[in-house]
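The values are calculated or read from the model by the stated rules, or taken from the named source; none is laboratory data. Every value quoted in this text rests on a predicted model; they were computed, and no experiment measured them. Please note: Cβ atoms are built from the backbone with ideal geometry, for glycine as well, and neighbour counts cover all protein chains shown.
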Amino acid sequence: MNDLLYGTRNKRGDWKPKDAMRPAPVFVWPPRPLAILQWLPHYLLPWNALFFGLALLIWSFLTPSIETLRTLAPGWILYLLVRNSAVVLLVYGALELRLYVRRAQGNQFKYNAKWPTDNRSDVFWFKHQNIDNVIRTFAVGLPIWTAYEAFVLWVFANGWAHWVSFADHPIWLACLAFFLPMIHELHFYCIHRLIHWPPLYRAVHSVHHNSANPSPWSSLSMHPVEHLLYWSGTLLHLVIPSHPLLAIYHLQISGVGAVVGHIGFDRIAVGKDTTLDAHTYAHYLHHKYFEVNYADGLMPFDRLFGTWHDGTEAADDRMNARLKARARRLTARAKA
(Lines give C-alpha, C1' and ligand atoms only; values in the text may rest on other atoms or scores of the structure.)
Protein backbone atom coordinates (compact mmCIF):
# COMPACT_ATOMS: atom_id res chain seq x y z
CA MET A 1 0.00 0.00 0.00
CA ASN A 2 1.26 3.47 -0.86
CA ASP A 3 1.62 5.30 2.47
CA LEU A 4 1.95 8.64 0.65
CA LEU A 5 -1.79 8.44 0.00
CA TYR A 6 -2.20 9.01 3.74
CA GLY A 7 0.75 11.22 4.64
CA THR A 8 4.05 12.78 3.63
CA ARG A 9 7.71 11.85 4.01
CA ASN A 10 10.46 14.40 4.57
CA LYS A 11 14.04 14.33 3.31
CA ARG A 12 15.15 12.23 6.29
CA GLY A 13 12.53 9.64 5.42
CA ASP A 14 10.30 10.38 8.43
CA TRP A 15 6.60 9.88 7.70
CA LYS A 16 3.69 11.86 9.15
CA PRO A 17 -0.08 11.78 8.56
CA LYS A 18 -1.40 14.47 6.25
CA ASP A 19 -4.50 15.04 8.39
CA ALA A 20 -4.43 16.64 11.82
CA MET A 21 -5.44 14.47 14.75
CA ARG A 22 -8.94 15.23 15.90
CA PRO A 23 -9.93 15.12 19.58
CA ALA A 24 -12.46 12.58 20.76
CA PRO A 25 -15.93 14.16 20.34
CA VAL A 26 -17.10 13.08 23.79
CA PHE A 27 -15.41 16.10 25.38
CA VAL A 28 -16.21 18.69 22.72
CA TRP A 29 -18.80 21.41 23.35
CA PRO A 30 -21.49 21.73 22.16
CA PRO A 31 -22.29 18.01 22.17
CA ARG A 32 -22.41 16.26 18.80
CA PRO A 33 -24.37 13.02 19.25
CA LEU A 34 -23.88 11.84 15.67
CA ALA A 35 -20.12 12.39 15.86
CA ILE A 36 -20.01 10.42 19.11
CA LEU A 37 -21.89 7.51 17.53
CA GLN A 38 -19.46 7.52 14.60
CA TRP A 39 -16.50 7.62 17.00
CA LEU A 40 -17.63 4.73 19.22
CA PRO A 41 -16.34 1.92 16.96
CA HIS A 42 -12.90 3.56 16.97
CA TYR A 43 -13.02 3.74 20.78
CA LEU A 44 -13.88 0.08 21.14
CA LEU A 45 -12.01 -1.42 18.18
CA PRO A 46 -9.52 -2.85 17.92
CA TRP A 47 -7.58 -2.24 21.11
CA ASN A 48 -10.11 -1.94 23.93
CA ALA A 49 -12.06 -4.94 22.63
CA LEU A 50 -8.79 -6.90 22.50
CA PHE A 51 -7.85 -5.92 26.05
CA PHE A 52 -11.29 -6.87 27.37
CA GLY A 53 -11.16 -10.18 25.50
CA LEU A 54 -7.75 -10.90 27.04
CA ALA A 55 -9.07 -10.02 30.49
CA LEU A 56 -12.08 -12.30 30.05
CA LEU A 57 -9.86 -15.17 28.93
CA ILE A 58 -7.46 -14.62 31.82
CA TRP A 59 -10.19 -14.35 34.48
CA SER A 60 -12.14 -17.33 33.16
CA PHE A 61 -9.31 -19.77 32.51
CA LEU A 62 -5.93 -18.48 33.67
CA THR A 63 -6.54 -17.19 37.19
CA PRO A 64 -6.27 -19.35 40.33
CA SER A 65 -9.42 -20.20 42.27
CA ILE A 66 -10.80 -17.86 44.90
CA GLU A 67 -9.82 -20.38 47.58
CA THR A 68 -6.23 -20.25 46.39
CA LEU A 69 -6.19 -16.46 46.18
CA ARG A 70 -7.28 -16.07 49.81
CA THR A 71 -3.78 -16.90 51.01
CA LEU A 72 -0.74 -15.06 49.73
CA ALA A 73 1.65 -17.73 48.54
CA PRO A 74 4.71 -17.60 46.28
CA GLY A 75 3.39 -20.37 44.00
CA TRP A 76 0.35 -18.65 42.56
CA ILE A 77 2.03 -15.23 42.52
CA LEU A 78 4.88 -16.71 40.45
CA TYR A 79 2.23 -18.27 38.19
CA LEU A 80 0.70 -14.81 37.62
CA LEU A 81 4.14 -13.45 36.75
CA VAL A 82 4.77 -16.20 34.21
CA ARG A 83 1.29 -15.77 32.73
CA ASN A 84 1.64 -11.99 32.41
CA SER A 85 5.11 -12.38 30.93
CA ALA A 86 3.75 -14.82 28.36
CA VAL A 87 1.00 -12.39 27.32
CA VAL A 88 3.49 -9.53 26.92
CA LEU A 89 5.93 -11.76 25.06
CA LEU A 90 3.16 -12.84 22.69
CA VAL A 91 1.75 -9.36 21.94
CA TYR A 92 4.87 -7.22 22.09
CA GLY A 93 6.99 -9.94 20.54
CA ALA A 94 4.61 -10.43 17.61
CA LEU A 95 4.61 -6.69 16.84
CA GLU A 96 8.38 -6.41 17.25
CA LEU A 97 8.98 -9.48 15.08
CA ARG A 98 6.73 -8.33 12.27
CA LEU A 99 7.55 -4.63 12.20
CA TYR A 100 11.14 -4.40 13.43
CA VAL A 101 12.83 -7.78 12.97
CA ARG A 102 11.30 -9.00 9.72
CA ARG A 103 10.42 -5.41 8.71
CA ALA A 104 7.48 -6.90 6.85
CA GLN A 105 6.17 -3.53 5.69
CA GLY A 106 9.51 -1.76 5.51
CA ASN A 107 9.22 1.86 6.58
CA GLN A 108 5.69 2.28 5.27
CA PHE A 109 3.77 4.42 7.80
CA LYS A 110 6.88 4.54 10.06
CA TYR A 111 7.16 7.89 11.81
CA ASN A 112 10.92 7.83 12.38
CA ALA A 113 12.89 6.47 9.43
CA LYS A 114 15.69 5.23 11.68
CA TRP A 115 15.56 1.79 13.30
CA PRO A 116 16.15 1.63 17.08
CA THR A 117 18.61 -1.26 16.77
CA ASP A 118 20.84 0.91 14.56
CA ASN A 119 21.25 3.46 17.36
CA ARG A 120 23.89 2.50 19.93
CA SER A 121 23.98 4.83 22.94
CA ASP A 122 25.46 4.94 26.43
CA VAL A 123 22.03 5.81 27.87
CA PHE A 124 20.99 2.17 27.34
CA TRP A 125 22.24 -0.90 29.11
CA PHE A 126 24.73 -2.63 26.81
CA LYS A 127 24.36 0.45 24.55
CA HIS A 128 21.40 -1.29 22.89
CA GLN A 129 17.85 0.07 23.09
CA ASN A 130 16.05 -3.25 22.68
CA ILE A 131 18.21 -5.13 25.18
CA ASP A 132 17.76 -2.32 27.70
CA ASN A 133 13.99 -2.17 27.10
CA VAL A 134 13.47 -5.95 27.33
CA ILE A 135 15.43 -6.22 30.59
CA ARG A 136 13.52 -3.34 32.19
CA THR A 137 10.21 -4.82 31.04
CA PHE A 138 10.73 -8.33 32.39
CA ALA A 139 12.96 -7.60 35.38
CA VAL A 140 11.05 -4.59 36.74
CA GLY A 141 7.80 -3.81 34.94
CA LEU A 142 6.22 -7.25 34.98
CA PRO A 143 7.04 -8.04 38.63
CA ILE A 144 5.49 -4.74 39.75
CA TRP A 145 2.45 -5.32 37.50
CA THR A 146 2.09 -8.79 39.03
CA ALA A 147 2.49 -7.48 42.58
CA TYR A 148 -0.42 -5.08 42.06
CA GLU A 149 -2.55 -7.83 40.51
CA ALA A 150 -1.78 -10.31 43.28
CA PHE A 151 -2.63 -7.73 45.94
CA VAL A 152 -5.92 -6.72 44.30
CA LEU A 153 -7.03 -10.34 43.76
CA TRP A 154 -6.05 -11.25 47.34
CA VAL A 155 -8.13 -8.37 48.71
CA PHE A 156 -11.13 -9.35 46.56
CA ALA A 157 -10.83 -13.02 47.52
CA ASN A 158 -10.89 -12.16 51.23
CA GLY A 159 -13.99 -9.99 50.90
CA TRP A 160 -12.21 -6.76 51.81
CA ALA A 161 -13.28 -5.01 48.59
CA HIS A 162 -16.83 -4.37 47.38
CA TRP A 163 -17.15 -7.23 44.89
CA VAL A 164 -20.41 -6.91 42.96
CA SER A 165 -21.68 -9.44 40.44
CA PHE A 166 -22.73 -8.92 36.83
CA ALA A 167 -26.01 -10.67 37.64
CA ASP A 168 -26.91 -8.14 40.35
CA HIS A 169 -25.35 -4.97 38.91
CA PRO A 170 -25.04 -5.39 35.13
CA ILE A 171 -25.56 -1.71 34.25
CA TRP A 172 -23.03 -0.41 36.79
CA LEU A 173 -20.35 -2.90 35.76
CA ALA A 174 -21.01 -2.39 32.05
CA CYS A 175 -20.64 1.37 32.50
CA LEU A 176 -17.49 0.92 34.55
CA ALA A 177 -16.03 -1.35 31.86
CA PHE A 178 -16.93 1.18 29.18
CA PHE A 179 -15.30 4.09 30.99
CA LEU A 180 -12.19 2.26 32.23
CA PRO A 181 -10.02 3.35 29.27
CA MET A 182 -10.95 6.97 30.05
CA ILE A 183 -10.25 6.43 33.76
CA HIS A 184 -6.89 4.91 32.88
CA GLU A 185 -6.00 7.90 30.69
CA LEU A 186 -7.07 10.34 33.43
CA HIS A 187 -4.77 8.58 35.90
CA PHE A 188 -2.00 8.36 33.31
CA TYR A 189 -2.23 12.08 32.60
CA CYS A 190 -1.95 12.96 36.29
CA ILE A 191 1.08 10.78 37.02
CA HIS A 192 2.64 11.72 33.69
CA ARG A 193 2.52 15.43 34.44
CA LEU A 194 3.93 14.68 37.90
CA ILE A 195 6.98 12.84 36.59
CA HIS A 196 7.67 15.60 34.08
CA TRP A 197 8.41 17.87 37.05
CA PRO A 198 12.13 18.50 36.40
CA PRO A 199 13.57 16.75 39.51
CA LEU A 200 11.39 13.67 38.92
CA TYR A 201 12.01 13.78 35.20
CA ARG A 202 15.77 13.70 35.66
CA ALA A 203 15.70 10.99 38.33
CA VAL A 204 12.82 8.84 37.05
CA HIS A 205 11.03 9.55 33.79
CA SER A 206 14.13 10.20 31.70
CA VAL A 207 14.66 6.42 31.65
CA HIS A 208 11.53 5.99 29.55
CA HIS A 209 12.34 8.97 27.33
CA ASN A 210 15.72 7.55 26.46
CA SER A 211 13.71 5.68 23.81
CA ALA A 212 13.05 8.79 21.73
CA ASN A 213 12.43 6.50 18.75
CA PRO A 214 10.20 3.94 20.49
CA SER A 215 9.41 0.39 19.45
CA PRO A 216 7.08 -2.13 21.15
CA TRP A 217 9.68 -3.09 23.78
CA SER A 218 9.90 0.56 24.85
CA SER A 219 6.35 0.41 26.18
CA LEU A 220 7.14 -0.77 29.72
CA SER A 221 10.77 0.32 29.84
CA MET A 222 10.59 2.57 32.90
CA HIS A 223 12.26 3.42 36.18
CA PRO A 224 10.85 1.35 39.11
CA VAL A 225 9.31 4.47 40.67
CA GLU A 226 7.43 5.17 37.46
CA HIS A 227 6.19 1.58 37.40
CA LEU A 228 4.90 1.95 40.95
CA LEU A 229 2.98 5.06 39.95
CA TYR A 230 1.85 3.68 36.60
CA TRP A 231 0.13 0.58 37.96
CA SER A 232 -1.41 2.35 40.96
CA GLY A 233 -4.57 3.16 39.04
CA THR A 234 -5.66 -0.44 39.55
CA LEU A 235 -6.21 0.28 43.26
CA LEU A 236 -9.40 2.08 42.22
CA HIS A 237 -11.15 -1.29 42.22
CA LEU A 238 -10.58 -1.63 45.94
CA VAL A 239 -12.46 1.57 46.79
CA ILE A 240 -15.47 1.43 44.46
CA PRO A 241 -17.93 -1.41 43.73
CA SER A 242 -16.20 -3.52 41.12
CA HIS A 243 -15.33 -7.04 39.98
CA PRO A 244 -11.97 -8.83 39.64
CA LEU A 245 -12.57 -9.19 35.89
CA LEU A 246 -12.60 -5.40 35.55
CA ALA A 247 -9.47 -5.07 37.67
CA ILE A 248 -7.73 -7.48 35.28
CA TYR A 249 -9.14 -5.54 32.32
CA HIS A 250 -7.70 -2.36 33.84
CA LEU A 251 -4.31 -4.09 34.11
CA GLN A 252 -4.51 -5.20 30.48
CA ILE A 253 -5.28 -1.63 29.39
CA SER A 254 -2.22 -0.45 31.32
CA GLY A 255 0.08 -3.37 30.54
CA VAL A 256 -0.62 -4.74 27.11
CA GLY A 257 -2.19 -1.40 26.20
CA ALA A 258 1.10 0.44 26.77
CA VAL A 259 2.24 -0.90 23.41
CA VAL A 260 -0.35 1.19 21.56
CA GLY A 261 1.65 4.38 21.98
CA HIS A 262 5.00 2.82 21.17
CA ILE A 263 4.52 0.85 17.96
CA GLY A 264 6.23 3.58 15.96
CA PHE A 265 3.99 3.01 12.93
CA ASP A 266 0.79 4.86 12.15
CA ARG A 267 -0.79 1.85 10.47
CA ILE A 268 -0.10 -1.88 10.47
CA ALA A 269 -0.54 -3.66 7.15
CA VAL A 270 -2.84 -6.66 7.56
CA GLY A 271 -3.33 -7.38 3.86
CA LYS A 272 -2.36 -6.16 0.44
CA ASP A 273 -4.77 -3.24 0.55
CA THR A 274 -5.84 -3.24 4.21
CA THR A 275 -4.29 -1.52 7.22
CA LEU A 276 -5.06 -1.30 10.92
CA ASP A 277 -4.95 2.18 12.43
CA ALA A 278 -2.54 1.91 15.37
CA HIS A 279 -3.83 5.07 17.14
CA THR A 280 -0.24 5.76 18.18
CA TYR A 281 0.62 9.19 16.78
CA ALA A 282 -0.26 11.29 19.83
CA HIS A 283 2.14 9.45 22.12
CA TYR A 284 4.81 9.23 19.43
CA LEU A 285 4.75 13.04 19.30
CA HIS A 286 5.22 13.09 23.08
CA HIS A 287 8.38 10.99 22.69
CA LYS A 288 9.54 13.27 19.90
CA TYR A 289 8.85 16.63 21.56
CA PHE A 290 8.73 15.65 25.28
CA GLU A 291 6.37 18.41 26.45
CA VAL A 292 3.19 17.79 24.48
CA ASN A 293 0.40 15.19 24.61
CA TYR A 294 0.72 14.06 28.22
CA ALA A 295 -2.51 12.14 27.57
CA ASP A 296 -3.25 10.27 24.35
CA GLY A 297 -5.97 12.50 22.90
CA LEU A 298 -8.99 10.87 24.51
CA MET A 299 -9.16 13.04 27.63
CA PRO A 300 -9.26 16.83 27.09
CA PHE A 301 -6.54 18.00 29.49
CA ASP A 302 -3.84 18.74 26.92
CA ARG A 303 -6.27 20.96 25.04
CA LEU A 304 -7.31 22.68 28.27
CA PHE A 305 -3.74 23.39 29.37
CA GLY A 306 -2.24 24.21 25.99
CA THR A 307 -0.07 21.13 25.50
CA TRP A 308 -2.07 19.44 22.74
CA HIS A 309 -0.17 18.72 19.53
CA ASP A 310 -2.22 17.48 16.57
CA GLY A 311 0.76 16.88 14.28
CA THR A 312 0.43 20.06 12.22
CA GLU A 313 2.90 22.88 11.59
CA ALA A 314 0.53 25.22 13.41
CA ALA A 315 0.89 23.00 16.50
CA ASP A 316 4.68 23.20 16.08
CA ASP A 317 4.41 26.99 16.12
CA ARG A 318 2.22 26.99 19.24
CA MET A 319 4.59 24.61 21.01
CA ASN A 320 7.67 26.64 20.13
CA ALA A 321 6.00 29.89 21.22
CA ARG A 322 5.02 28.31 24.54
CA LEU A 323 8.53 26.98 25.17
CA LYS A 324 10.12 30.33 24.27
CA ALA A 325 7.74 32.16 26.60
CA ARG A 326 8.62 29.77 29.40
CA ALA A 327 12.35 30.26 28.72
CA ARG A 328 11.90 34.03 28.94
CA ARG A 329 10.06 33.69 32.26
CA LEU A 330 12.81 31.48 33.68
CA THR A 331 15.48 33.91 32.49
CA ALA A 332 13.67 36.87 34.01
CA ARG A 333 13.21 34.99 37.27
CA ALA A 334 16.89 34.10 37.40
CA LYS A 335 17.88 37.76 36.92
CA ALA A 336 15.42 39.02 39.55
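Quick one: in the range 303-319, which of the residues that are under 13 Å from MET21 (Cα atoms) and without any contact (Cβ under 8 Å) to a residue 12 or more places away in the chain is surrounded by the most Cβ atoms within 10 Å (Cβ to Cβ)?
Here the residue is ALA314.
So, in the range 245-280, of the ones that are modelled with pLDDT of 95 or more and of a type in the set (Ser, Thr, Tyr), which residue ends up farthest from TYR189 (Cα to Cα)?
Within the range 245-280, the match that is farthest from TYR189 (Cα to Cα) is TYR249.
Could you look through the range 208-244, keep only residues that are surrounded by fewer than 21 Cβ atoms within 10 Å (Cβ to Cβ) and of a type in the set (Gly, Ala, Ser), and pick out the one that is modelled with the highest pLDDT?
SER232
Confirm whether TRP59 is part of a loop (DSSP other than H, G, I, E, B) and among the aromatic types (Phe, Trp, Tyr).
Taking the combined requirement at face value, the residue does not satisfy it.
Among VAL82, VAL101, VAL28, VAL91, which is in contact with a Leu (Cβ under 9 Å, 6 or more places away or on another chain) and either of a type outside the set (S, T, N, Q) or loosely packed, with under 11 Cβ neighbours inside 10 Å (or both)?
VAL91
For VAL259, work out the one condition from (1) of a type in the set (Val, Ile, Thr); (2) surrounded by fewer than 21 Cβ atoms within 10 Å (Cβ to Cβ); (3) under 20 Å from HIS42 (Cα atoms) it doesn't fulfil.
(2)
Go through the range 127-174 and report how many residues are under 30 Å from SER211 (Cβ atoms), part of a helix (DSSP H, G or I) and in contact with a strand residue (DSSP E or B) (Cβ under 7 Å, 6 or more places away or on another chain).
Of the residues in that region, 1 qualify.
Answer yes if at least one residue in the range 18-34 is part of a helix (DSSP H, G or I), more than 23 Å from THR312 (Cα to Cα) and not small (Gly, Ala, Ser), and no otherwise.
Yes, the range 18-34 contains at least one residue that is part of a helix (DSSP H, G or I), more than 23 Å from THR312 (Cα to Cα) and not small (Gly, Ala, Ser).
Could you please find all residues in the range 62-79 being touching a Leu at 6+ places or on another chain (Cβ under 8 Å) and either part of a helix (DSSP H, G or I) or not assigned by TED's automatic domain parsing to the domain that holds PHE156 (or both)?
LEU69, TRP76, listed by residue number.
Would you say ILE36 is outside the structural domain of LEU246 (by TED's automatic domain parsing), surrounded by 14 or more Cβ atoms within 10 Å (Cβ to Cβ) and not hydroxyl-bearing (Ser, Thr, Tyr)?
Here the answer is yes, as ILE36 does meet what is asked.
Which is assigned by TED's automatic domain parsing to the domain that holds HIS208 and in contact with a Pro (Cβ under 6 Å, 6 or more places away or on another chain), of VAL292, VAL270, VAL259, VAL239? Give the derivation first.
Numbers: VAL292 fails: in contact with a Pro (Cβ under 6 Å, 6 or more places away or on another chain); VAL270 fails: in contact with a Pro (Cβ under 6 Å, 6 or more places away or on another chain); VAL239 fails: in contact with a Pro (Cβ under 6 Å, 6 or more places away or on another chain).
The conditions single out VAL259.
Quick one: in the range 170-207, of everything that is without any contact (Cβ under 8 Å) to a residue 24 or more places away in the chain and either outside the structural domain of TYR289 (by TED's automatic domain parsing) or within 14 Å of HIS243 (Cα to Cα) (or both), which residue is surrounded by the fewest Cβ atoms within 10 Å (Cβ to Cβ)?
That would be ILE171.
For the structure I just gave you, tell me whether ARG322 is loosely packed, with under 10 Cβ neighbours inside 10 Å and either of a type in the set (S, T, N, Q) or not in a loop (DSSP other than H, G, I, E, B) (or both).
no
Can you tell me which residue in the range 283-313 is farthest from the chain's Cα centre (by Cα), limited to those that are closer than 20 Å to ASN112 by Cα and of a type in the set (A, V, I, L, M)?
VAL292
Looking at (1) β-branched (Val, Ile, Thr); (2) without any contact (Cβ under 8 Å) to a residue 12 or more places away in the chain; (3) in a helix (DSSP H, G or I), which one does VAL88 not meet, given that it meets all the others?
Of everything listed in (1) β-branched (Val, Ile, Thr); (2) without any contact (Cβ under 8 Å) to a residue 12 or more places away in the chain; (3) in a helix (DSSP H, G or I), VAL88 misses just condition (2).
Any residue in the range 125-136 that's in the same structural domain as ALA86 (by TED's automatic domain parsing): show its pairings with residues that are surrounded by 20 or more Cβ atoms within 10 Å (Cβ to Cβ) and among the aromatic types (Phe, Trp, Tyr) at Cβ separation under 6 Å, as long as the two are six or more apart or on different chains.
Close Cβ pairs satisfying both conditions: ASN130/TRP217; ASP132/PHE124; ASN133/TRP217; VAL134/TRP217.
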